[in-house]
Amino acid sequence: MAATEIGGLLNVNKRRGPTSHDVVDAARRALGTKRVGHAGTLDPAAHGVLLLLFGRVTRLARFFLPYGKEYRLVVKLGAETATGDDQGDVLYERAVPAGTYDGLAAAVRSFVGNIAQEVPKFSAVKRDGEPLYRKARRGEPVSAPTRTVTVYGWEVEAVSPPTFTSVVSCSGGTYVRALARDLGRKLGVGGHLVDLERLAVGPYGLAEALPEAELTSGAGERLFQPPHFVAAADLLPELPVVSLSAEEVVAVAHGRPVRRSPALGADAAVRLLTPAGELAGVGVVAGDGRLQPDTVLIRPEELGDL
(Lines give C-alpha, C1' and ligand atoms only; values in the text may rest on other atoms or scores of the structure.)
Protein backbone atom coordinates (compact mmCIF):
# COMPACT_ATOMS: atom_id res chain seq x y z
CA MET A 1 0.00 0.00 0.00
CA ALA A 2 1.35 3.47 -0.88
CA ALA A 3 2.37 5.63 2.07
CA THR A 4 -0.08 8.29 1.00
CA GLU A 5 -3.11 5.97 1.24
CA ILE A 6 -3.21 5.62 5.03
CA GLY A 7 -1.21 8.84 5.25
CA GLY A 8 0.01 10.73 8.25
CA LEU A 9 0.85 14.21 9.46
CA LEU A 10 3.26 16.81 8.13
CA ASN A 11 4.30 19.58 10.50
CA VAL A 12 5.08 22.51 8.19
CA ASN A 13 6.66 25.87 9.03
CA LYS A 14 4.47 28.18 6.94
CA ARG A 15 6.01 31.45 5.84
CA ARG A 16 4.22 34.78 6.00
CA GLY A 17 2.13 35.45 2.88
CA PRO A 18 0.53 32.24 1.60
CA THR A 19 -2.88 31.13 2.81
CA SER A 20 -3.25 27.79 4.55
CA HIS A 21 -5.01 26.53 1.42
CA ASP A 22 -1.96 27.57 -0.66
CA VAL A 23 0.19 25.31 1.50
CA VAL A 24 -2.34 22.48 1.20
CA ASP A 25 -2.17 22.80 -2.59
CA ALA A 26 1.63 22.64 -2.49
CA ALA A 27 1.45 19.51 -0.34
CA ARG A 28 -1.01 17.88 -2.75
CA ARG A 29 1.48 18.34 -5.57
CA ALA A 30 4.42 17.15 -3.50
CA LEU A 31 2.63 14.11 -2.10
CA GLY A 32 0.80 13.23 -5.30
CA THR A 33 -2.62 13.04 -3.66
CA LYS A 34 -5.67 15.28 -3.43
CA ARG A 35 -6.43 14.02 0.05
CA VAL A 36 -4.65 16.72 2.03
CA GLY A 37 -6.13 19.11 4.58
CA HIS A 38 -4.95 21.22 7.50
CA ALA A 39 -5.73 20.73 11.17
CA GLY A 40 -6.39 24.40 11.94
CA THR A 41 -5.91 27.37 9.66
CA LEU A 42 -3.17 29.98 9.96
CA ASP A 43 -3.78 33.52 8.67
CA PRO A 44 -1.81 34.59 5.57
CA ALA A 45 -0.03 37.27 7.61
CA ALA A 46 0.99 34.70 10.24
CA HIS A 47 3.78 32.12 10.07
CA GLY A 48 4.88 29.04 11.95
CA VAL A 49 3.38 25.63 12.67
CA LEU A 50 0.72 24.44 10.23
CA LEU A 51 -0.32 20.81 10.61
CA LEU A 52 -1.21 19.01 7.38
CA LEU A 53 -3.06 15.70 7.37
CA PHE A 54 -3.03 13.54 4.27
CA GLY A 55 -4.43 10.26 3.02
CA ARG A 56 -7.09 8.58 5.14
CA VAL A 57 -5.67 10.35 8.19
CA THR A 58 -7.66 13.41 7.03
CA ARG A 59 -10.64 11.62 8.59
CA LEU A 60 -9.08 12.30 12.00
CA ALA A 61 -9.03 16.10 11.62
CA ARG A 62 -11.70 16.76 14.25
CA PHE A 63 -9.61 15.05 16.93
CA PHE A 64 -6.98 17.78 16.52
CA LEU A 65 -9.42 20.64 17.21
CA PRO A 66 -9.08 20.52 21.02
CA TYR A 67 -5.30 20.93 20.92
CA GLY A 68 -3.99 24.04 22.63
CA LYS A 69 -1.75 26.43 20.71
CA GLU A 70 1.24 28.60 21.54
CA TYR A 71 2.16 31.83 19.75
CA ARG A 72 4.80 34.53 19.81
CA LEU A 73 3.21 37.84 18.91
CA VAL A 74 4.37 41.38 18.37
CA VAL A 75 1.71 43.95 19.21
CA LYS A 76 1.84 47.62 18.28
CA LEU A 77 0.00 49.95 20.64
CA GLY A 78 -1.56 53.25 19.63
CA ALA A 79 -3.84 52.13 16.80
CA GLU A 80 -6.67 49.68 16.15
CA THR A 81 -7.19 48.23 12.68
CA ALA A 82 -10.22 46.70 10.98
CA THR A 83 -8.58 43.28 10.81
CA GLY A 84 -6.71 43.25 14.11
CA ASP A 85 -3.36 43.06 12.33
CA ASP A 86 -1.25 45.25 10.06
CA GLN A 87 -3.15 44.15 6.95
CA GLY A 88 -6.27 46.22 7.67
CA ASP A 89 -7.30 49.87 7.57
CA VAL A 90 -6.52 51.91 10.69
CA LEU A 91 -9.75 52.67 12.54
CA TYR A 92 -8.24 55.14 15.01
CA GLU A 93 -4.90 56.22 16.46
CA ARG A 94 -4.11 57.44 19.97
CA ALA A 95 -1.06 58.60 21.84
CA VAL A 96 0.40 56.00 24.21
CA PRO A 97 1.35 57.48 27.61
CA ALA A 98 4.76 56.31 28.82
CA GLY A 99 3.19 54.82 31.95
CA THR A 100 1.17 52.42 29.82
CA TYR A 101 4.13 50.10 29.50
CA ASP A 102 4.60 49.92 33.29
CA GLY A 103 1.28 48.13 33.61
CA LEU A 104 1.65 46.00 30.49
CA ALA A 105 2.59 42.73 32.21
CA ALA A 106 -0.39 42.94 34.55
CA ALA A 107 -2.71 43.89 31.70
CA VAL A 108 -1.84 40.83 29.59
CA ARG A 109 -2.13 38.51 32.59
CA SER A 110 -5.64 39.82 33.23
CA PHE A 111 -6.71 37.90 30.11
CA VAL A 112 -5.59 34.55 31.54
CA GLY A 113 -8.50 32.19 32.15
CA ASN A 114 -11.83 31.68 30.42
CA ILE A 115 -12.79 34.84 28.54
CA ALA A 116 -15.55 35.93 26.18
CA GLN A 117 -14.04 36.87 22.84
CA GLU A 118 -15.77 38.59 19.93
CA VAL A 119 -14.71 36.90 16.70
CA PRO A 120 -12.93 39.33 14.32
CA LYS A 121 -15.17 40.63 11.56
CA PHE A 122 -12.45 39.68 9.07
CA SER A 123 -12.49 35.94 9.80
CA ALA A 124 -13.63 32.71 8.14
CA VAL A 125 -16.40 32.17 10.69
CA LYS A 126 -19.67 31.87 8.81
CA ARG A 127 -22.88 33.82 9.31
CA ASP A 128 -25.89 32.87 7.17
CA GLY A 129 -23.68 30.41 5.30
CA GLU A 130 -21.08 33.00 4.27
CA PRO A 131 -17.67 33.82 5.81
CA LEU A 132 -17.69 37.06 7.78
CA TYR A 133 -14.70 38.44 5.88
CA ARG A 134 -16.64 38.46 2.63
CA LYS A 135 -19.41 40.56 4.17
CA ALA A 136 -16.82 42.86 5.78
CA ARG A 137 -14.98 43.35 2.48
CA ARG A 138 -18.24 44.40 0.84
CA GLY A 139 -18.75 46.97 3.56
CA GLU A 140 -21.85 45.25 4.91
CA PRO A 141 -22.72 45.45 8.62
CA VAL A 142 -21.28 42.38 10.32
CA SER A 143 -22.63 40.90 13.53
CA ALA A 144 -19.72 38.84 14.83
CA PRO A 145 -20.44 36.07 17.33
CA THR A 146 -18.89 35.91 20.79
CA ARG A 147 -17.19 32.73 21.98
CA THR A 148 -15.74 31.54 25.25
CA VAL A 149 -12.06 30.69 24.88
CA THR A 150 -9.29 29.91 27.35
CA VAL A 151 -5.96 31.69 27.70
CA TYR A 152 -3.61 29.44 29.67
CA GLY A 153 -0.81 31.97 29.91
CA TRP A 154 0.33 35.29 28.44
CA GLU A 155 3.74 36.70 29.28
CA VAL A 156 5.61 39.77 28.03
CA GLU A 157 9.08 38.97 26.67
CA ALA A 158 10.37 42.38 25.51
CA VAL A 159 9.14 45.97 25.18
CA SER A 160 10.26 48.35 22.43
CA PRO A 161 7.68 51.20 22.33
CA PRO A 162 5.31 51.34 20.58
CA THR A 163 5.58 47.54 20.23
CA PHE A 164 6.07 44.65 22.61
CA THR A 165 6.74 40.93 22.12
CA SER A 166 4.98 38.27 24.16
CA VAL A 167 4.12 34.57 24.22
CA VAL A 168 0.57 33.31 24.68
CA SER A 169 -0.75 29.79 25.11
CA CYS A 170 -4.45 29.32 24.51
CA SER A 171 -7.21 26.94 23.58
CA GLY A 172 -8.09 26.03 20.02
CA GLY A 173 -10.46 28.54 18.49
CA THR A 174 -8.80 31.56 20.14
CA TYR A 175 -8.19 34.51 17.82
CA VAL A 176 -4.87 36.09 18.78
CA ARG A 177 -5.72 39.12 16.63
CA ALA A 178 -8.70 39.64 18.91
CA LEU A 179 -6.47 39.40 21.99
CA ALA A 180 -4.29 42.21 20.62
CA ARG A 181 -7.40 44.26 19.80
CA ASP A 182 -8.98 43.73 23.22
CA LEU A 183 -5.73 44.48 25.06
CA GLY A 184 -5.47 47.77 23.18
CA ARG A 185 -9.02 48.62 24.18
CA LYS A 186 -8.35 47.69 27.80
CA LEU A 187 -5.34 50.02 27.84
CA GLY A 188 -7.41 52.73 26.14
CA VAL A 189 -4.92 53.27 23.32
CA GLY A 190 -5.76 50.66 20.70
CA GLY A 191 -3.55 47.82 19.52
CA HIS A 192 -2.99 45.42 16.67
CA LEU A 193 -0.66 42.60 15.62
CA VAL A 194 2.38 43.34 13.50
CA ASP A 195 3.76 39.79 13.63
CA LEU A 196 2.37 36.41 14.66
CA GLU A 197 4.32 33.16 14.83
CA ARG A 198 2.68 29.89 15.86
CA LEU A 199 5.15 28.01 18.01
CA ALA A 200 3.17 24.84 18.68
CA VAL A 201 -0.10 23.00 18.16
CA GLY A 202 -0.57 20.40 20.87
CA PRO A 203 2.58 18.24 20.96
CA TYR A 204 3.85 19.48 17.58
CA GLY A 205 6.40 22.29 17.77
CA LEU A 206 8.22 24.68 15.47
CA ALA A 207 11.61 23.05 16.10
CA GLU A 208 10.43 19.89 14.29
CA ALA A 209 8.62 21.65 11.42
CA LEU A 210 9.54 21.27 7.75
CA PRO A 211 10.27 24.60 6.01
CA GLU A 212 7.43 25.34 3.61
CA ALA A 213 9.85 25.77 0.72
CA GLU A 214 10.78 22.09 0.91
CA LEU A 215 7.26 21.12 -0.16
CA THR A 216 8.06 22.41 -3.63
CA SER A 217 11.79 21.65 -3.80
CA GLY A 218 11.58 18.00 -4.80
CA ALA A 219 12.17 16.72 -1.27
CA GLY A 220 10.74 13.31 -2.24
CA GLU A 221 11.14 10.66 0.44
CA ARG A 222 12.41 13.29 2.89
CA LEU A 223 8.78 14.34 3.30
CA PHE A 224 8.15 11.02 5.06
CA GLN A 225 11.00 11.35 7.55
CA PRO A 226 10.65 12.34 11.20
CA PRO A 227 10.45 14.63 13.04
CA HIS A 228 8.27 16.68 10.67
CA PHE A 229 6.46 13.55 9.46
CA VAL A 230 4.39 11.57 11.95
CA ALA A 231 3.00 8.19 10.92
CA ALA A 232 -0.65 7.37 11.55
CA ALA A 233 0.20 4.92 14.36
CA ASP A 234 1.93 7.69 16.33
CA LEU A 235 -0.85 10.28 16.07
CA LEU A 236 -3.19 11.30 18.90
CA PRO A 237 -0.79 10.14 21.66
CA GLU A 238 -3.14 11.55 24.31
CA LEU A 239 -5.75 8.85 23.56
CA PRO A 240 -5.56 5.49 25.38
CA VAL A 241 -4.51 2.52 23.25
CA VAL A 242 -6.49 -0.68 22.72
CA SER A 243 -4.57 -3.46 20.98
CA LEU A 244 -6.92 -5.54 18.87
CA SER A 245 -6.78 -9.23 18.04
CA ALA A 246 -6.86 -10.28 14.39
CA GLU A 247 -10.56 -11.10 14.69
CA GLU A 248 -11.29 -7.71 16.24
CA VAL A 249 -9.43 -5.92 13.46
CA VAL A 250 -11.72 -7.61 10.93
CA ALA A 251 -14.76 -6.48 12.92
CA VAL A 252 -13.50 -2.89 13.09
CA ALA A 253 -12.71 -2.85 9.37
CA HIS A 254 -16.36 -3.71 8.74
CA GLY A 255 -17.55 -1.07 11.21
CA ARG A 256 -18.75 -3.60 13.78
CA PRO A 257 -18.34 -3.01 17.53
CA VAL A 258 -15.85 -5.00 19.57
CA ARG A 259 -17.26 -6.80 22.59
CA ARG A 260 -14.75 -5.54 25.09
CA SER A 261 -13.49 -2.16 26.19
CA PRO A 262 -10.92 -0.61 28.49
CA ALA A 263 -11.89 0.62 31.94
CA LEU A 264 -13.07 3.97 30.60
CA GLY A 265 -16.34 5.84 30.81
CA ALA A 266 -18.91 6.02 28.04
CA ASP A 267 -17.98 8.20 25.05
CA ALA A 268 -14.23 7.98 25.78
CA ALA A 269 -12.17 7.85 22.58
CA VAL A 270 -9.35 5.30 22.13
CA ARG A 271 -6.79 4.44 19.49
CA LEU A 272 -7.34 1.01 17.94
CA LEU A 273 -4.11 -0.73 16.97
CA THR A 274 -3.64 -3.87 14.87
CA PRO A 275 -1.43 -6.75 16.12
CA ALA A 276 1.35 -5.17 14.01
CA GLY A 277 0.95 -1.85 15.82
CA GLU A 278 -0.69 0.00 12.94
CA LEU A 279 -3.57 2.41 13.52
CA ALA A 280 -6.83 0.75 12.50
CA GLY A 281 -8.83 3.78 13.57
CA VAL A 282 -10.40 5.49 16.55
CA GLY A 283 -13.12 3.89 18.63
CA VAL A 284 -15.55 5.23 21.21
CA VAL A 285 -16.72 3.40 24.33
CA ALA A 286 -20.44 2.79 23.97
CA GLY A 287 -22.94 2.87 26.83
CA ASP A 288 -23.02 -0.92 26.99
CA GLY A 289 -19.23 -1.10 27.39
CA ARG A 290 -18.45 -2.21 23.84
CA LEU A 291 -15.97 -0.41 21.60
CA GLN A 292 -17.76 1.17 18.66
CA PRO A 293 -15.58 2.07 15.65
CA ASP A 294 -15.82 5.84 15.13
CA THR A 295 -13.25 6.58 12.42
CA VAL A 296 -11.85 3.61 10.47
CA LEU A 297 -8.63 3.84 8.45
CA ILE A 298 -8.34 0.28 7.18
CA ARG A 299 -10.36 -1.55 4.54
CA PRO A 300 -11.43 -5.19 4.70
CA GLU A 301 -9.76 -6.06 1.39
CA GLU A 302 -6.40 -4.87 2.73
CA LEU A 303 -6.29 -7.08 5.81
CA GLY A 304 -4.57 -10.15 4.37
CA ASP A 305 -3.02 -12.40 7.01
CA LEU A 306 -2.97 -10.73 10.41
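Quick notes on this one:
- Pairs where the first residue, in the stretch 256-285, is closer than 13 Å to Leu239 by Cα and the second is among the basic types (Lys, Arg) and in a strand (DSSP E or B), C-beta under 9 Å, 6+ apart: Leu279/Arg271; Gly281/Arg271; Val282/Arg271; Gly283/Arg271
- Scope the stretch 228-275; condition of a type outside the set (A, V, I, L, M, F, W, C) and either farther than 22 Å from Glu302 by Cα or in a strand (DSSP E or B) (or both); matching residues: His228, Pro237, Glu238, Pro240, Ser243, Arg259, Arg260, Ser261, Pro262, Gly265, Asp267, Arg271
- When we screen Ala253, Ala178 for residues that are more than 23 Å from Leu52 (Cβ to Cβ) and in the same structural domain as Gly78 (by TED's automatic domain parsing), the only hit is Ala178.
- Boolean, Val189 is modelled with pLDDT of 90 or more, hydrophobic (A, V, I, L, M, F, W, C), more than 27 Å from Arg29 (Cβ to Cβ) and touching a helix residue (DSSP H, G or I) at 6+ places or on another chain (Cβ under 7 Å): yes
- Filtered by the rule that a residue be surrounded by 13 or more Cβ atoms within 10 Å (Cβ to Cβ) and on the phi > 0 side of the Ramachandran plot, the stretch 205-258 gives a lone residue, Leu236.
- Residues of the stretch 33-89 satisfying the condition of being of a type in the set (Gly, Ala, Ser), part of a strand (DSSP E or B) and in the same structural domain as Val23 (by TED's automatic domain parsing): Gly37, Gly48
- Residues (at pLDDT 95 or above, part of a loop (DSSP other than H, G, I, E, B) and in contact with a helix residue (DSSP H, G or I) (Cβ under 7 Å, 6 or more places away or on another chain)) located in the stretch 142-176: Pro161
- Cβ separations smaller than 7 Å between residues 6+ apart or across chains give the following pairs from the stretch 36-52 residues that are free of Cβ contacts under 8 Å to residues at least 60 places away in the same chain to residues that are assigned to a strand (DSSP E or B) and of a type in the set (Phe, Trp, Tyr): Val36/Phe54.
The values are calculated or read from the model by the stated rules, or taken from the named source; none is laboratory data. Every value quoted in this text rests on a predicted model; they were computed, and no experiment measured them. As a convention, Cβ positions derive from the backbone with ideal geometry for all residues, glycine included, and neighbour counts pool all protein chains shown.
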